[in-house]
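Novice: Below is the structure I would like to discuss, written out as structure tokens.
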């Protein structure tokens with residue numbers, strides 16, 4: 001929910017900034033504000049989902065690495 005609001009705010013703010021740079025009325029063509037608000041919200045949601053997926057993958061890789069390291073250390077201790 002917060003990612004959606006942050007992304008929507010960034011999209012809306014970006015359109016305001018673009019209009020300000022071009023020295024146009026800030027709320028000229030309101031459909032552009034709606035468009036960029038939607039794009040910002042979608043991008044923020046995709047980023048949040050991607051980050052959650054990456055966290056899961058990293059946790060799985062860490063589990064595998066810990067298991068490999070544990071078996072390696074056990075094999076070293078058995079040899080001695």
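Novice: Report yes if residue 46 is modelled with pLDDT of 95 or more, surrounded by fewer than 16 Cβ atoms within 10 Å (Cβ to Cβ) and within 21 Å of the chain's Cα centre (by Cα), otherwise no.
Specialist: Working: modelled with pLDDT of 95 or more: yes; surrounded by fewer than 16 Cβ atoms within 10 Å (Cβ to Cβ): yes; within 21 Å of the chain's Cα centre (by Cα): yes.
Criteria met by residue 46.
Novice: Right, next: Considering each residue of region 15-31, count those that are in a helix (DSSP H, G or I) and surrounded by fewer than 16 Cβ atoms within 10 Å (Cβ to Cβ), and give that number.
Specialist: Selection size over region 15-31: 7.
The values are calculated or read from the model by the stated rules, or taken from the named source; none is laboratory data. Please read all numbers here as calculations on a predicted model, not as lab measurements. Positions of Cβ are generated from backbone atoms using ideal geometry, with glycine treated the same way; all protein chains shown enter the neighbour counts.
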